[in-house]
1. Residues of the range 90-134 with amide nitrogen under 13 Å from the 7 Å Cα-to-Cβ point of ASN37?
2. Given H placed on each backbone N at 1.01 Å, which residues far from VAL211 in sequence or on other chains put an amide H within less than 5 Å of it?
3. For GLY134, enumerate residues with amide H under 5 Å from its amide H, sequence gap 5+ or separate chain, H modeled in the peptide plane.
4. Calculate the spin-label point distance for SER274 paired with ALA294, positioning each point 7 Å from the Cα along the beta-carbon direction, and give it in nanometres.
Amino acid sequence: MKSGLLLATGAAALLMGAHPAHAAYEAWRFTTIVDTNDNTGNSEANGINRTRQIVGSSVNTPDTIAYNTSGFSRSSGGSYTAVNVPAAAMTTASGVNNSGQISGYYTDTSGGVHGFVQTAGIPVSFDVTGAASGGATYAVGINTAATTVGYYFDSLGNAHGFSRTSGGSDTTLDVTGLGTVTSTQAFGINDGGIIVGSFSDGTLTHGFVKVAGVYTLLDDPLGVNGSFATGLNNAGDVVGYYIDVDGITHGFVDFGGASGGTIFMTIDAPGAASLTTTMGINDKFQVVGRAINADGVITGYVADLPEPATLALFGLGSFGVAMLRRRRARAG
């Protein structure tokens with residue numbers, strides 16, 4: 001399951017990347033995302049659209065034996081609405097498109113996992129072709145055409161990525177051309193049909209980008225213990241997280257990563273201890289994710305990118321600054 005969470009509050013700090021492909025910035029503006037319907041303070045932010053609608057999930061019981069998750073949607077004004085599939089034991093809201101449709105997955109009372117797409121408050125569940133009997137489908141990302149991506153487990157327990165059109169046509173996604181692949185998971189899709197996700201080679205997890213049927217490796221240079229590509233926007237900027245040499249998990253943004261970009265930026269939420277992940281990015285360069293603080297509290301965050309005028313001070317260079325200026329202008 002795609003789960004976990006992270007902390008953020010106030011104005012922020014980012015770790016300085018030790019690799020020349022990394023740029024580190026201050027001046028990010030972080031806002032904590034905690035579902036007001038959650039009674040433990042543990043919430044995660046998984047997706048964000050152009051209007052700053054944010055979706056995620058929360059742990060809604062402090063009893064670890066009766067662990068349960070509930071989905072939520074947060075409006076741009078900060079109000080929270082529950083996203084729960086009727087009669088589900090657990091619900092996770094994973095993605096949201098620019099039309100406000102929400103993708104996710106839920107666990108039924110028998111333990112089966114099914115995908116869903118919610119439109120105008122009404123969730124419709126599905127199981128992709130090839131998923132194990134009883135339910136093993138995890139819907140994660142969704143684009144404006146309502147094409148969803150995610151992953152499923154087959155009857156042998158092997159993980160495969162998938163894409164599913166709004167009409168219900170399924171395509172299995174297994175990474176090819178990048179050496180040994182033992183499992184594939186798709187996490188994000190943009191309006192151009194570009195897909196990002198991760199795969200395992202049996203030893204490490206790597207990120208990938210799929211463009212026009214071709215898979216390309218996308219690993220953060222500092223991710224010596226693994227990289228995960230979790231989302232992208234329509235400009236092709238990719239977000240995800242990596243595990244460093246010390247086993248610490250950090251979020252990242254790879255500017256232009258869907259077209260071979262190599263400018264990576266590490267993101268660590270304020271107060272985060274050993275884990276920060278970045279899960280989604282919208283067309284206005286706002287990112288969401290989750291963090292765990294020293295007390296083990298899981299909190300979601302949304303962060304706004306620094307203004308271009310400050311970026312040159314932190315090593316991005318004139319080309320990168322010009323690129324961000326053009327993209328900000330295009331995003332409106």
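Each reported figure results from applying straightforward, stated rules to the coordinates on display, with no laboratory input. None of these values were measured; they are calculated from a predicted model. No Cβ is skipped: glycine too gets one built from the backbone with ideal geometry, and neighbour counts run over all protein chains shown.
1. 90-93, 121-123
2. Amide H neighbours of VAL211, under 5 Å, 5+ apart: THR216.
3. Sorted by chain and number, the residues that satisfy this come to none at all.
4. If labels sit at ALA294 and SER274, their model points lie 1.5 nm apart.
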